[in-house]
Amino acid sequence: MIRVRTEEEIELLRENAILVSRTIAEVGKHIVPGVKTKELDAVAEEFIRDNGATPGFLGYGGFPYTLCISVNEYVVHGFPSDYELKDGDIVSIDCGTTYKGYNGDSAYTFACGQISAADQALLDTTKSSLFKGIEAAVAGSRTGDIGYAVQSYCEERGYSVVRELVGHGIGRNLHESPEVPNYGRRGHGVKLPEGAVICIEPMINQGVKDVYLDDNGWGVYTADHKKSAHFEMMVVVRKGAAERLTTYEYIEGIK
Ligand code: MG
Ligand code: MG
């Protein structure tokens, strides 16, 4: 069942979405060659707690960190570690919060230092595909319309779409109905009611779509070790056009 949110609930989800956006922006200031990814995790946890919230991922299903930090061939769910970022890395920061009983969840993939033109194109395409997906998230459309919008945009440009992980509804729980795949057929899937709040989060690969799971049971990486990018926003399904709860203004304001 897809929950329809009251405007009061939407405001609480928006507060979470903004805090996540601000946290990712704070982390982004520290994405430079030589920084350890676990140092980024500490920045995020302190910022979230200083704002009176708690990290939404920490302990969720046993996940042991505040952030998922997924570098280069890692798609999602990478563990912060002693790895030191290098010039030319691409770094997905996925962050969640819990605040006032509701959740926030969004992601952004950063360039560390100077990245290749090919890697910049991957980032640009993945972010644009998110916006294509958001355009499709209007009341009365179906999850397949979102998936089709993301998939067709990326595949036309020679990229592939990860199938194993999908977007989702969000509310009092981090992951709620419906599942929002980044692939699909127009007119198929679950119908989206006005007032549903969902996370759309394309995970797009330079090479094959296939992925493997790390020995640690969490990290997901591409089967061919080519790079992968990930962008995620929380949106409200509305009549005519979706409303973004997440903003990248804080993040892109620092770049
Ligand atoms: Mg998510
Ligand atoms: Mg996320």
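The values are calculated or read from the model by the stated rules, or taken from the named source; none is laboratory data. Given the structure is predicted, the values throughout are model-derived calculations rather than measurements. Note: ideal-geometry Cβ built from the backbone for every residue, glycine included; neighbour counts use all protein chains shown. SASA here: full protein model, heavy atoms, side chains in, ligands and nucleic acids out. Shrake-Rupley method; radii C 1.70, N 1.55, O 1.52, S 1.80 Å.
Considering only DSSP states other than H, G, I, E and B, which chymotrypsin sites (Phe, Trp or Tyr not before Pro) in segment 1-83 qualify as loop sites with at most 16 other Cβ atoms within 10 Å?
Of the chymotrypsin sites (Phe, Trp or Tyr not before Pro), the ones in loops of segment 1-83 whose Cβ has at most 16 other Cβ atoms within 10 Å are Y83.
What number comes out for the charge environment of G96, summing +1 per Lys or Arg and -1 per Asp or Glu over other residues with Cβ under 11 Å away?
Numbers: positive: none; negative: D94, D105, E232.
Net local charge, G96 excluded: -3.
Between E252 and R3, with labels modelled 7 Å along Cα→Cβ, what's the label distance in nm to one decimal, could you check?
For the pair E252/R3, the computed spacing is 3.0 nm.
Count the net charge of all other residues whose Cβ sits under 9 Å from the Cβ of G184, scoring Lys and Arg as +1 and Asp and Glu as -1.
Working: positive: R142, R185, R186; negative: D145.
So the environment of G184 carries a net charge of +2.
How big is the gap, in Å, between the Cα center of segment 119-190 and the Cα center of segment 10-84?
Their Cα centres are 22 Å away from one another.
Which net charge results for the neighbourhood of V35, defined as the other residues with beta-carbon distances under 12 angstrom from its beta-carbon, given Lys and Arg at +1 and Asp and Glu at -1?
Net of charged neighbours comes to -2.
Report the trypsin sites (Lys or Arg not before Pro) located in segment 143-193 that are in a DSSP loop and have at most 12 other Cβ atoms inside 10 Å of their Cβ, or state none.
R185
Sort K86, K209 by heavy-atom solvent-accessible area, probe 1.4 angstrom, most to least.
Correct descending sequence by accessible area is K86, K209.
Note down the Stokes-Einstein diffusion coefficient of segment 151-223 in µm²/s, whole number, using a Kirkwood radius over alpha carbon pairs, 37 °C, and 0.692 mPa s.
The calculation lands on 239 µm²/s.
Under the classification rounded if a/c is under 1.5, otherwise prolate if a/b is larger than b/c and oblate if not, where does the chain fall, given a ≥ b ≥ c as square roots of the Cα gyration tensor eigenvalues?
Oblate.
Given the DSSP H assignment, sum -39500 (n - 2.57) over each helix run of at least 4 residues in the chain and divide by its residue total; what's the result at 222 nm in deg cm²/dmol, nearest 500? Provide the component values of the computation, followed by the final result.
Details: 5 runs with 74 residues, N = 255.
Theoretical 222 nm ellipticity from helices: -9500 deg cm²/dmol.
Span-like helices, the chain: DSSP H, alpha-carbon axial extent 24 Å or more, mean Kyte-Doolittle 1.6 or greater, which ones?
Length and hydropathy pass: none found.
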